[in-house]
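**Student:** Below you will find the structure I want to go over with you.
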Amino acid sequence: MPGAAEGTRPVGPRVVVIGVGNSMRRDDGAGIAVVERARPLLPEGVEVRTLGGEATSLLDAWAGADLAVVVDAVRWQHPPTAGVTRIDVTGQPDALTGFGPAASSHGLGVAEAVALGRALDRLPRRLVLLLLTLAEEGHGEGLSPAVEGYAEEAVVLLAAEVSTAAPG
Amino acid sequence: MTHKVRDLTVEGLARVEGEGAMHVVVTDGEVTDVRLRIYEPPRFFEAFLRGRAYTEPPDITARICGICPVAYQMSSCQAIEQACGVTVDPPLRALRRLLYCGEWIESHALHIYFLHAPDFLGVGSALELAKDHRELVEKALQLKKVGNDIMEVVGGRAIHPINVRLGGFYRAPAKRELLPLAERLRWARDASLETVELVSTFDFPDLEIDHELVALHHPDEYAITEGRIVSDGGLDIEVSEFLEHFAEEHVERSTSLHGRMIERGRYLVGPLARYSLNYEQLPAVAREAAEKAKGLGRVCRNPFRSIQVRAVETVAACDEALRIIEGYTEPERPAVPVEPRAGTGHGATEAPRGLLYHRYSIDDGGIIQTADIIPPTAQNQDAIEADLRKLVVANLELDDHDLQHLCEQSIRNYDPCISCSTHFLDFTVERR
């Protein structure tokens with residue numbers, strides 16, 4: 001079964017794909033939409049998770065992974081900004097230095113998760129972020145036309161990223 | 001007249017689960033306005049639920065909050081089951097309470113160590129805490145994970161549990177699935193006791209609030225999943241009477257409604273109220289920890305000490321979860337059938353941050369006609385604003401940066417559903 005849940009993974013690199021967001025908050029659900037759309041394309045054994053984005057849950061989700069790809073929607077307050085941004089956290093350790101703290105309800109966000117993971121030696125061997133720029137942040141289901149326009153690109157990028165490490 | 005307007009904006013990677021802003025107006029050295037703007041989702045969900053099937057609210061409302069989905073599931077189940085005239089079997093009730101304990105452990109561990117403790121330990125964030133007090137953060141992560149794991153085993157997954165349905169669960173766990181949690185809960189209870197000791201060494205600013213305290217109360221247990229609504233002002237009502245005693249007022253600057261007690265005014269829900277009204281119902285181990293907690297007492301009206309109360313409640317939740325697992329027998333059926341019938345039902349449970357009320361009216365085909373969701377943050381907003389006003393008046397000499405930090409600290413006491421995990425999204429001081 002493609003995109004299998006935990007427990008069915010064959011021996012080999014452990015790959016975790018994590019969609020972050022809330023599918024009832026329009027484009028904030030982009031990360032979840034992308035991993036769900038990519039699920040049939042992913043090799044057997046790849047773990048697929050969907051999370052709200054709270055930092056410590058991310059630390060648990062990617063614990064022990066050889067590769068973790070986190071797909072999330074973000075709001076940039078400075079350019080660049082549209083489309084999909086790929087950040088190789090492992091290869092570009094300073095890439096998140098300029099990010100401010102998350103404006104989450106009562107938790108910490110993805111940037112803090114990366115920083116905490118680094119401080120506590122709880123990062124996966126390789127961590128890649130695929131960040132889709134938010135266009136609409138209201139309540140409700142469904143992505144905005146703008147984000148729909150590049151969600152497919154994110155699906156392709158995700159599948160390609162996983163193929164670099166996935167078993168089989 | 002000179003005007004000084006400062007607009008501080010959080011930059012970069014931002015989640016959008018909730019947003020908040022605070023605006024302070026100072027005129028000729030006097031605080032003339034303190035406004036906390038909160039954007040909350042329940043209004044949207046109330047509209048979204050109209051016309052949906054009566055079986056859907058547990059799944060839909062779980063998406064209101066990523067930190068306390070179980071609270072929304074449990075309040076909605078309770079309300080719709082009441083409307084349909086259904087009472088769940090005792091083993092299913094126990095299983096629900098176990099699931100809720102998992103959420104309390106997770107939410108309280110997160111708040112105590114990652115959001116609140118940095119304020120008292122003189123570090124700017126959880127990240128600095130991880131660098132300076134790594135052992136504390138490791139312990140916090142382990143403690144939180146015990147709560148997560150309860151939610152995974154009972155709820156199907158930790159974020160937005162999928163095993164909850166009207167009448168009970170889609171599948172009841174086998175005892176052998178729960179037993180591995182018992183050993184870890186014993187550790188978690190000890191870790192929580194150490195947490196009470198740790199946070200009791202903190203220096204707490206002096207602040208006494210006079211808001212009426214409101215919480216669920218159950219004579220035989222620390223109220224989480226059910227009870228009567230009581231207050232320290234003598235209120236003692238059924239959950240179904242809630243709207244006769246509490247009202248929400250629309251405030252122009254906020255999409256959330258401000259809760260008021262009819263003819264009584266401002267009130268407070270959450271850990272301080274729960275603890276002060278239910279001290280006698282705490283499990284013995286938690287009550288003993290509270291007795292030893294320096295400065296806490298049996299009634300707590302200092303919101304800065306809410307970290308002590310959360311720690312005591314974590315002990316209680318671990319102990320209660322352990323008791324339920326040890327006494328667990330697999331239920332004969334995972335859920336009681338819930339057939340629709342025309343009616344109205346009310347539900348209230350204690351979310352980690354306070355009383356969460358739901359009310360649904362459904363028709364005889366099970367279609368939802370109206371929905372009311374009154375979350376703790378809306379109920380507490382008036383009290384939080386009152387505290388902030390006091391705080392700003394008393395600390396007007398501070399510069400904007402320090403004033404912002406102090407206000408954020410104060411808001412963190414209540415852990416409201418707004419964007420205040422580390423900084424406000426938008427904080428403005430207007431000095432005229």
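**Student:** Take the residues in segment B:125-165 that are under 18 Å from B:H108 (Cβ atoms) and of a type in the set (G, A, S), then tell me which one is farthest from the other protein chains (Cβ to nearest Cβ).
**Tutor:** Residue satisfying both the conditions and the ranking: B:G155.
**Student:** With the requirement that a residue be touching a Lys or Arg at 6+ places or on another chain (Cβ under 7 Å) and within 26 Å of B:L99 (Cβ to Cβ), what does segment B:194-215 give you? So that I can check it myself, show each step before the final result.
**Tutor:** Of all residues in segment B:194-215, those touching a Lys or Arg at 6+ places or on another chain (Cβ under 7 Å) come to B:200, B:204, B:208-209, B:211-212, B:215.
B:A215, the sole residue that qualifies.
**Student:** Could you grab me the full set of residues in segment A:107-150 that are among the acidic types (D, E) and in a helix (DSSP H, G or I)?
**Tutor:** Of everything in segment A:107-150, those that are among the acidic types (D, E) and in a helix (DSSP H, G or I) turn out to be A:E112, A:E148.
**Student:** Considering only segment B:43-154, give the helices (runs of 4 or more DSSP H) lying wholly within it that have at least 2 residues that are more than 25 Å from B:A335 (Cα to Cα) and in contact with a helix residue (DSSP H, G or I) (Cβ under 7 Å, 6 or more places away or on another chain).
**Tutor:** Where helices (runs of 4 or more DSSP H) fall fully within segment B:43-154 and carry at least 2 residues being more than 25 Å from B:A335 (Cα to Cα) and in contact with a helix residue (DSSP H, G or I) (Cβ under 7 Å, 6 or more places away or on another chain), they are B:90-109, B:117-121, B:126-132.
**Student:** Moving to a separate point now. Of B:T314, B:T349, B:T344, which residue is hydroxyl-bearing (S, T, Y) and surrounded by fewer than 22 Cβ atoms within 10 Å (Cβ to Cβ)?
**Tutor:** The match here is B:T344.
**Student:** Something else about it: Which condition from (1) at pLDDT 95 or above; (2) touching a strand residue (DSSP E or B) at 6+ places or on another chain (Cβ under 9 Å) is the one that B:I209 breaks?
**Tutor:** Condition not satisfied by B:I209: (1).
**Student:** Next question. Hey, can you tell me all the residues within segment B:259-289 that are crowded, with 24+ Cβ neighbours inside 10 Å and out of contact with any Asp or Glu (no Cβ under 9 Å at 6 or more places or on another chain)?
**Tutor:** B:L272
**Student:** Still on this structure, please answer the following. Taking the criterion of being closer than 30 Å to B:R52 by Cα, outside any loop (DSSP other than H, G, I, E, B) and touching a residue at least 24 places away in the same chain (Cβ under 8 Å), would at least one residue in segment B:399-410 satisfy it?
**Tutor:** no
**Student:** Quick one: which residue in B:P205, B:P173 is under 30 Å from A:G21 (Cβ atoms) and either in a loop (DSSP other than H, G, I, E, B) or within 14 Å of chain A (Cβ to nearest Cβ) (or both)?
**Tutor:** Answer to the check: B:P173.
**Student:** Quickly run through segment A:36-79 and pick out the residues that are of a type in the set (A, V, I, L, M, F, W, C) and in a strand (DSSP E or B).
**Tutor:** Within segment A:36-79, A:V48, A:L51, A:L67, A:A68, A:V69, A:V70, A:V71, A:A73, A:V74 qualify.
**Student:** What pairs come out if I take residues in segment A:122-134 that are at the interface with another protein chain (Cβ under 9 Å from one of its Cβ atoms) and over 14 Å from A:V35 (Cα atoms) and pair them with residues that are surrounded by 22 or more Cβ atoms within 10 Å (Cβ to Cβ) and of a type outside the set (A, V, I, L, M) whose C-beta lies under 9 Å away, six or more apart or interchain?
**Tutor:** A:R122/A:W62; A:L134/A:R26; A:L134/A:D27; A:L134/A:D28
The values are calculated or read from the model by the stated rules, or taken from the named source; none is laboratory data. Treat the numbers as computed from the prediction; the structure is a model and nothing was measured. We place every Cβ from the backbone using ideal geometry, glycine too, and count neighbours over all the protein chains shown.
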